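**Student:** Dropping the structure in here first, questions after.
The values are calculated or read from the model by the stated rules, or taken from the named source; none is laboratory data. Computed from a predicted model, the values in this text were never measured in an experiment. All Cβ positions, even for glycine, are placed from backbone atoms using ideal geometry, and neighbour counts span all protein chains on display. Quick note on the areas: whole protein, heavy atoms, side chains included, nothing else; ligands and nucleic acids left out. Shrake-Rupley method; radii C 1.70, N 1.55, O 1.52, S 1.80 Å.
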Amino acid sequence: MSALSVVVHDGVAVVTFDLPGEPVNKFSKAVIAEFVTAFDQIERDASVKGAVLISGKSDTFIAGADIDQFLEFTSAADATRESAAGHTLMSRLEEGRVPWVAAINGACLGGGLEASLACAYRIVGDSPKTVLALPEVQLGLIPGAGGTQRLPRTVGLQVALDMILTGKNVRAKKALQTGLVDEMVHPNILRDVAIARAKDLGAGKIARKRAHSTGAKGALLENNPVGRAVVFRQAREMTMKKSRGHYPALLAALDAVAAGYHGTVADGFATEARLFGEMAFTAVSKQLIFLFYATTSLKKDLGVSGDAPPPAPVGKIGVLGTGFMGAGIAAVSAMQGVPVRFKDTKHAAVAKGLGAVRDVLKDRLTKKQITRHQFEDQLSLVSGTVDYTGFSNVPLLIEAVFEDLAVKHAVVRDAESVLPPGAIFATNTSTIPIHRVAEASRDPSRVVGMHFFSPVHKMPLLEVIVTPRTAPGVIATTVAFGRKLGKTVIVVNDAPGFYVNRILAPYINEAGKLLDDGVRIEAIDKAMLDYGFPVGPVTLLDEVGLDVAGKSGAIMASAFGDRLQPSATLGKVIATGRLGRKGKKGFYLYDERGKKGGVDESVYAATPAGSSRIEMSAAEIQERLSLAMVNEAVRCVEEGILRAPRDGDIGAVFGIGFPPFRGGPLRVVDTIGAAALVARLEALNARFPGRFEPAGLLREMANKNGTFYPTTGKPV
Ligand code: NAD
């Protein structure tokens, strides 16, 4: 079956890319061979004066390279050769006999954008589905088909670096404004306009531009070597600061772009190919590519092993509790066009909740992520109430009331008396076992946990927690709805802390034990930032709220005994009345508006070590905190809390910000090796008895030389 069809009419060849049996178009060796054939055919046909590249898919132009092919590279040199082959292909678009027009509607990513950049003219369909990006750095790679060379020459150095170093999506309108594309039209006329432009190009009515021969383009600062040096230096400094040196592809991308400015065009392409090859064999790209496969496989998983009824449609939801979490849940639901019936006990609370929903949506409007029309539409989807009117046709209810079992039981009973038969009751509890909440239900098979993270509209993860009684259809519907809200969903079994808070507990406790011993707050936070977490553990405590952390620490301690005892420091600091950021007093100082300042030195008086501080190396801090978390993640696999190691890694990366370049805690086990890890844990356990006892499964894996993931081929 062929991916390309070529139709020549009136001097224009229209090449339609429509990969059979796939939702999106991707470049693979087979597709590239087809392109070569199409180019040959078009070049030979003297009647053809211009050509159009268009997609046969409704949502995608070209999504980039087929990632499966990256797994087949045998060496860096092999990957470099593939990149050079990509250059040859793209240069045929740019340098061939006939000028090409890229007619772009939907996602135009990676190799798709690189192909477009090699065309003489680019038109985008004015649709929310149209996004253009070079996302290679998100896989630990750099653009390998000319992107680091043609993009800066098309949009200027600063815009190009911003795109290449972040991989971010650029929408149609922005693409037009920055000069990334030449024209924007309604998708319905995209094809016709593209054909007309190809004719004009062929007839010389539009000048044929070649990005890589037009020389440097951009703002004044970039057009002289001194100004460019400043731009590169600033970009390098910013990159190092943000990535802490953990993402080599960022620096490689900068080097590739710089090579195109400092040397000849050929030097630029050669450097790009060489660095693409090198990056394809870094440990970082291996982990980021794993995360890509893991999230892709998770998207197809409804969280049910064996047969399950298909997910039921959820056209409306009820949310109980219009507080912090309830408002976040209502807002993300409205963003997806799902109406929300929003209930609290008092009118003032409902008004406050509606105000909070409005704030979230307003923020999107201010950032131009939605139009005013969409803002009004979404806001109108949330209606408030203090009774149960409007709940009789709600297929899914999510409760976010006070964290109190008696209150939860009361709302289960009240809600079930009005909900339609078969409705799902989801609880957003963070610490109460789901089966305990279900005790008040007439039908526990309809009760499930939906553990959102705060702030709900920003945090990508949703933990769906199931009890042995939760019906498979309920799980599938809940997972599908969570995904509709834009969340990455993992399904975990009901146990104290579920998964994310369970692995967080020993990590936070260990940070507290370091404080008990007299280690400085900033030393702990800095060590873990350097390890790759987005915030340090002590800052995290302040963010979560010390009271909340104290309560959940106590629950974990009563469930797991000595192993998960909170630090003495936490209890003592809570006793001083400090609440963290929300009380503007915690381990750190906060100003009137809640902005974080330095460490509050007076907090040390409440720690067991008092004002005497000890020095500890970052390496030791990292060893204790990270391995405490890793060992606990292994226990969650062992105890069947996780359905697969994949979910444990995704949950840690998306729920806690576990460093993506490490792949996740279970990937860390495979990286270190089970036997070596057991030895390191035993050494820690000898010093801190009980806290680092290696998980049984880890010992088993060490004996059998086992790993969580396959060592060759697809990682998941
Ligand atoms: P919150 O105090 O901001 O909001 C709770 C709301 O529930 C209040 O507005 C209260 O008036 C309302 N309420 C109490 N009883 C009610 C009833 N019978 N019917 C309707 N409304 C009622 O609390 P929150 O931070 O939004 O937490 C809500 C739930 O979410 C808790 O179970 C909590 O453990 C969980 N959770 C919180 C977080 C977090 O970071 N705050 C994260 C995950 C889960």
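**Student:** Compute for the range 80-222: radius of gyration divided by Kirkwood radius, i.e. Rg/Rh, restricted to C-alpha atoms, rounded to two decimals. Provide the component values of the computation, followed by the final result.
**Tutor:** Numbers: Rg = 14.4 Å, Rh = 15.2 Å.
Using Cα coordinates only, the ratio equals 0.95.
**Student:** Same structure again: Report the net charge of residues surrounding Asn25, where surrounding means a beta-carbon distance below 12 angstrom and charges are Lys +1, Arg +1, Asp -1, Glu -1. Each step should come with its number before you reach the end.
**Tutor:** Numbers: positive: Lys26, Lys57; negative: Asp18, Glu22, Glu34, Asp59, Asp66.
Cβ neighbours under 12 Å give a net charge of -3.
**Student:** If I model a spin label at Ala46 and Ala605 as a point 7 Å from the Cα along the Cα→Cβ vector, what separation in nanometres do I get?
**Tutor:** Spacing of the two 7 Å Cα→Cβ label points: 9.5 nm.
**Student:** Quick one: how many Å² of Asp267 are accessible to a 1.4 Å probe, rounded to 10?
**Tutor:** 70
**Student:** Please report, in debye to the nearest 20, how large the charge dipole of the range 501-704 is about its Cα centre when each Lys and Arg carries +1 at its beta carbon and each Asp and Glu carries -1 there. Please report the intermediate quantities before stating the final value.
**Tutor:** Details: 27 positive and 26 negative charges, 70 e Å.
Here the size comes out at about 340 debye.
**Student:** Let me ask something else about it. Report the residues of the range 1-42 in range of a label on Asp59: point 7 Å along Cα→C-beta, backbone N strictly under 17 Å from it.
**Tutor:** 18-26
**Student:** Right, next: If I take every Cα pair under 8 Å that is 6 or more residues apart in the range 608-681, average their sequence separation and divide by the length, what percent do I get for the relative contact order? Could you put the intermediate results ahead of the total?
**Tutor:** On the way: 37 pairs, mean separation 17.6, N = 74.
Taking the mean separation of contacting Cα pairs over the length of the range 608-681, I get 24 percent.
**Student:** So for the range 108-254, taking the charge dipole from beta-carbon charges (+1 Lys/Arg, -1 Asp/Glu), which of Gln138, Leu180, Leu254 sits furthest toward the positive end?
**Tutor:** So the residue we want is Leu254.
**Student:** Next question. What are the ³J(HN,Hα) values, in whole Hz, obtained from phi via the Karplus relation 6.51 cos²θ - 1.76 cosθ + 1.60 with θ = phi - 60°, for each residue of the range 632-649 in sequence order, with x given for Gly and Pro?
**Tutor:** 5, 4, 5, 4, 5, 5, 4, 7, x, 5, 9, 7, 7, x, 3, 5, x, 6
**Student:** Let me ask another. Would you work out the charge dipole size for the chain about its Cα centre, treating the Cβ of every Lys and Arg as +1 and the Cβ of every Asp and Glu as -1, and quote it to the nearest 20 debye?
**Tutor:** Numbers: 83 positive and 72 negative charges, 286 e Å.
The calculated dipole for the chain is roughly 1380 debye.
**Student:** Out of the DSSP beta bridges found with both residues in the chain, what percent are antiparallel (nearest 5)?
**Tutor:** Restricted to the chain, the bridges split so that about 25 percent are antiparallel.
**Student:** Let me ask something else about it. Under a crude label model (7 Å from the Cα following the beta-carbon direction), how far is Thr371 from Glu95 in nanometres?
**Tutor:** Reported label-point gap for Thr371 and Glu95 is 4.4 nm.
**Student:** Based on the Cβ-Cβ distance from Ala207 to Ser305, what FRET efficiency comes out when R0 is 51 Å, to the nearest 0.05? Each step should come with its number before you reach the end.
**Tutor:** Numbers: r = 60 Å, r/R0 = 1.18.
About 0.25, to the nearest 0.05.
**Student:** Here's another thing I want to ask about it. Simple spin-label model, 7 Å along Cα-to-Cβ: Thr711 to Thr166 in nm?
**Tutor:** About 4.1 nm, to one decimal.
**Student:** Something else now. Relative to the present Cα-Cα distance, how much length would full extension add between Arg244 and Glu72 at 0.36 nm per residue of separation? Present the calculation step by step, with values, prior to reporting the outcome.
**Tutor:** Values: separation 172, 0.36 × 172 = 61.92 nm, distance 2.99 nm.
Working it through step by step, the gained length comes to 58.9 nm.
**Student:** Could you give the length gained on full extension between Val36 and Lys174, defined as 0.36 nm per residue of separation minus the Cα-Cα distance, in nm?
**Tutor:** Working: separation 138, 0.36 × 138 = 49.68 nm, distance 3.20 nm.
Additional length available on full extension: 46.5 nm.
**Student:** Taking H placed 1.01 Å from N in the peptide plane, check which residues at least 5 places from Ser55 or on another chain put their amide H under 5 Å from its amide H.
**Tutor:** Under 5 Å from the amide H of Ser55: Phe17, Asn105.
**Student:** For every helix of n ≥ 4 consecutive DSSP H residues, a contribution of -39,500 (n - 2.57) applies; sum these over the chain, divide by its total residues, and give [θ] at 222 nm rounded to the nearest 500 deg cm²/dmol. Before the final figure, lay out each step's value.
**Tutor:** Numbers: 28 runs with 347 residues, N = 716.
Using -39500 (n - 2.57) per qualifying helix, the result is -15000 deg cm²/dmol.
**Student:** Next up: Determine, from the Cβ-Cβ distance of Ala559 and Ile614 and an R0 of 35 Å, the FRET efficiency 1/(1 + (r/R0)^6), rounded to the nearest 0.05.
**Tutor:** Values: r = 31 Å, r/R0 = 0.89.
After rounding to 0.05, the efficiency reads 0.65.
**Student:** Hey, another quick one. Using DSSP, restrict attention to beta bridges with both residues in the range 4-281 and report what percent are antiparallel, rounded to the nearest 5. Don't skip to the end; give the middle numbers.
**Tutor:** Numbers: 8 of 31 bridges.
Percentage antiparallel, nearest 5: 25.
**Student:** Further question: Check which residues have an amide H placed less than 5 Å from Glu399's amide H, if you skip close sequence neighbours.
**Tutor:** Amide H neighbours of Glu399: Leu320, Ala426, Thr427, Asn428.
**Student:** Suppose the chain between Ile189 and Phe688 were pulled fully straight at 0.36 nm per residue; how much longer would it get relative to their current alpha carbon spacing? Don't jump to the answer; show the numbers that get you there.
**Tutor:** Details: separation 499, 0.36 × 499 = 179.64 nm, distance 6.96 nm.
Result: 172.7 nm gained on full extension.
**Student:** Report the relative contact order of the range 317-494, percent, no decimals, based on alpha-carbon pairs under 8 angstrom and at least 6 residues apart. Kindly include the intermediate steps, with their values, before the conclusion.
**Tutor:** Numbers: 342 pairs, mean separation 36.2, N = 178.
After rounding, I find 20 percent.
**Student:** Could you grab the relative contact order for the range 4-281? Cα pairs under 8 Å, six or more apart, rounded to a whole percent.
**Tutor:** Working: 562 pairs, mean separation 57.4, N = 278.
It rounds to 21 percent for the range 4-281.
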